[in-house]
Structures are given as structure tokens and as C-alpha cells.
Amino acid sequence: MTVTLVWAQTPTGIIGRDGTLPWHVPEDMAHFRDLTRGHPVIMGRGTWDSLPPRFRPLPDRDNIVLTRNPSFEAAGALVAHGVEEALRLIENRDAFVVGGGEVYALFLPLAHRVERTMVSLDVGGDTRAPALDPRAWKRADPDQTWLTSTAGGTRYRFESYTRR
Ligand SMILES: NC(=O)c1ccc[n+]([C@@H]2O[C@H](COP(=O)([O-])OP(=O)(O)OC[C@H]3O[C@@H](n4cnc5c(N)ncnc54)[C@H](OP(=O)(O)O)[C@@H]3O)[C@@H](O)[C@H]2O)c1
């Protein structure tokens, strides 16, 4: 069983604004689908709420939503009330933590891998990714180059990190 965190951020660590993503990079959404399809995904209640109802649960993946609210229900998803319960629900499968800021910080200490997309934009926001301490994490793919999105020309780069 491995736990992989997957997110997209700006160089200053912004991952969200007003409950949504402050950019549109369809190539990164395709990358996200390719990484996570067929695997359980764990997300915070904030991220679940941020998904348009027609896109949730994320298809072809067991969706696990983390909340402290004992009466919360998410149609089509499993609900967990803490990290231990979420880990029990993934049942030794390789799982992906898919947001948001609170839940990335919660799972980073037990993550094996981080798949981070760097989006080269200078935008403000209210939600941040945790920093990756270079003493704990190393780039597994230092040769990845910058790419240009066909939608709007945004520059982005896929970065894989593993623990040292
Ligand atoms: N750029 C990216 O890759 C990316 C990916 C995903 C999301 N996002 C963005 O991130 C933002 C949402 O992130 P967020 O930080 O506001 O929310 P979040 O991390 O998605 O969810 C936070 C919620 O998770 C629950 N939670 C947190 N810790 C818990 C614990 N220990 N036990 C049980 N439940 C726990 C709580 O739900 P309750 O309040 O219900 O108790 C908490 O309010 C949105 O803007 C979204 O668009 C960006």
C-alpha cells in the first residue's frame, strides 16, 4: 500500500481560491485522471464541495471524503472521520490524496510519493499546498521540462517526488 499526494500549485504554493482552482490547464486534469483512475482517492469535505455535482464522485475510483461531521453524507462516496478510518477504507490498496490544503498537510507525514504540477502563474488564492522539505523529499524526475497548455498558453511542469 502506498499513499501518493497529487496536487497542482503556483510557485508560491497557491492551490485554490474561493473553493475552486485559479487556472484552467486541461492537460493537468488529464494527468490527474491518468494517475488516479482505478485507485481509491481521499479528499477533504472542502474539496468534495468544490466539485461540481455532475463530476462527483470522481468516476472509476472509490471516493473517500474526510469530515469531522458525524452526520455528513456524500452521495456515491464513502465517508471517513479521521486518517485512521480513511486508511482502513483503502484496505491496503495504493491510494491518492487529492486535496485540499488541510488534507494534504494532514497526510504529508505518511505519504510515500508526491505528484506535483507546478503551474507558472502569479495568482492569489486562499488555499496553499504544504512545502516539500528538500531534506525529506527528492525529485524523482529532474529531467521533466516545462510544457505549454493548449488552453491559454499557461506554462506547467509535472514533478514527481519520493522520500529520501
Ligand atoms: N490545486 C489542486 O491540486 C487542488 C486540489 C484539490 C483541492 N484544491 C482546492 O483546495 C480548496 C479546498 O481545500 P481546503 O483546505 O479548503 O479543504 P479540504 O482540505 O478539501 O477539506 C477540509 C475539510 O476536511 C475535513 N477534515 C480535515 N481534517 C480532518 C481530520 N483530521 N479528520 C476528519 N476530517 C477532517 C474537515 O471537514 P468538515 O469541516 O466537514 O469537518 C475540513 O473542513 C479548494 O479551493 C479547491 O479548489 C486544489
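Things to note:
- Rg/Rg_globular for segment 3-163, with Rg_globular taken as 2.2 N^0.38 Å and Rg from C-alpha atoms: 1.00
- The chain, accessible surface, carbon-and-sulfur percent (1.4 angstrom probe): 51 percent
- Chymotrypsin sites (Phe, Trp or Tyr not before Pro) within segment 117-164: DSSP coil, no more than 11 neighbouring Cβ in 10 Å: TRP146
- Stretchable slack from SER71 to ASP18, in nm (0.36 nm times residue separation minus alpha-carbon distance): 16.6 nm
- Solvent-accessible surface of the chain, averaged per residue with a 1.4 angstrom probe and all protein chains in place: 53 square angstrom.
- Potential lengthening of the chain between ASP49 and MET118 amounts to 22.5 nm, from the contour at 0.36 nm per residue minus the alpha-carbon distance.
- According to the Kirkwood relation over distinct C-alpha pairs, the hydrodynamic radius of segment 123-164 is 12.6 Å.
- Separation in nanometres of the label points that stand 7 Å from Cα toward Cβ, at ALA136 and LEU110: 1.4 nm
- Its DSSP H runs of at least 4 residues, each contributing -39,500 (n - 2.57), put the calculated 222 nm mean residue ellipticity of the chain at -5000 deg cm²/dmol, to the nearest 500.
- Compared with the dominant principal axis of the Cα atoms in the chain, helix 26-36 is inclined by about 50°.
- Whole-number D in µm²/s for segment 92-164 (Stokes-Einstein; Kirkwood sum over Cα pairs; 10 °C, 1.306 mPa s): 114 µm²/s
- In this label model, THR2 and ARG33 are separated by 2.3 nm, measuring between points 7 Å along each Cα→Cβ vector.
- Label-point separation, LEU89 to ARG164 (7 Å along Cα→Cβ), nm: 3.5 nm
The values are calculated or read from the model by the stated rules, or taken from the named source; none is laboratory data. Please read these numbers as outputs of a predicted model, since none were measured by experiment. For neighbour counting, all protein chains shown are included, and Cβ atoms are generated from backbone atoms with ideal geometry for every residue, glycine included. Just the protein is used for accessible areas: all its heavy atoms, side chains included, with ligands, DNA and RNA removed. Shrake-Rupley method; radii C 1.70, N 1.55, O 1.52, S 1.80 Å.
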